[in-house]
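Here the structure comes first, spelled out in structure tokens, and everything after it is commentary.
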């Protein structure tokens, strides 16, 4: 018997409750992907199901919606509708969105949209009204929709002018937006209005699997999943300054997150969920 789609644990890994699935008034994603709790306590989630993926017990539709719930599983709002996407120009629907984040000062919902579309889409977090969108390098996003994940055989810097899979998104307190373009192994950095600032490409290993921000006041660091570990980047320069790779780590994560104490949580496909306890920052050595 499968567990409900949303499972809640305490920070020691003890089960608290579970909820989710089909219900009245909304279309539950067929293949859940990405979950985020905003500053008001609402839970956001989407899905990346594709009609031709052939998975058992899954309807042959595209997950073109994003759902908003209370933490007890009470439905609040839906943006977009299942199997209704008209492509990257669509301002009503998403297309297999991968991740989402709410920026409290402007009450805007930023969506990594995603597996089918190739854009960042921004909505009002209360009404769901569309506000703006952009693609890689702030270009106009173009349609290139297919279920199969295409990974290039070789990589270059700066890479293609369009996003591949827009897999993760994080917005710092100062409004800087970070986007993980997974299959092109790069992290791109934007203003919250969508102006391109800079990027980091790492061509030698799978990179930009997921993103998380350090919880310190200045959010000094951006965590990026790559290879078999989590890279630590200076958030403002995108310079790699460290690496989290303890013995027993389950991988770079399909999704990662930090809590207020700096602990790191890794959700790894087929390997489960893992907590890495923050032990403090290493002292900088001087000669």
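Read-outs throughout are calculated quantities, based only on the coordinates presented, and are distinct from any laboratory measurement. Please read all numbers here as calculations on a predicted model, not as lab measurements. No Cβ is skipped: glycine too gets one built from the backbone with ideal geometry, and neighbour counts run over all protein chains shown.
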Next item on the list: Using the number of other C-beta atoms within 10 angstrom as an exposure proxy, rank 7, 169 with the fewest first.
Entry: 7, 169
Next item on the list: Quick one: order 144, 210, 63 by neighbouring beta-carbon count within 10 Å, fewest to most.
Entry: 144, 210, 63
Notebook entry, point to check: Using the alpha-carbon centroid of each, what span in Å lies between segment 38-98 and segment 142-204?
Noted result: 21 Å
Check: Can you tell which of 54, 20, 135 shows the greatest fluctuation in a Gaussian network model of the chain with Cα springs below 10 Å?
Finding: 54
Check: For 94, 273, 213, what's the fewest-to-most ordering of other Cβ within 10 Å of each Cβ?
Finding: 273, 213, 94
Next item on the list: Report the residue, chosen from 104, 56, 141, that carries the largest GNM mean-square fluctuation when the chain is represented by alpha-carbon nodes joined by springs under 10 Å.
Entry: 56
Check: For the chain, what is the largest minus smallest coordinate of the Cα atoms on each principal axis, given in angstrom and ordered from greatest to least?
Finding: 65, 45, 38
Notebook entry, point to check: Which distance in nm do the two modelled labels at residue 126 and residue 74 give, with both placed 7 Å along the Cα-to-Cβ direction?
Noted result: 1.8 nm
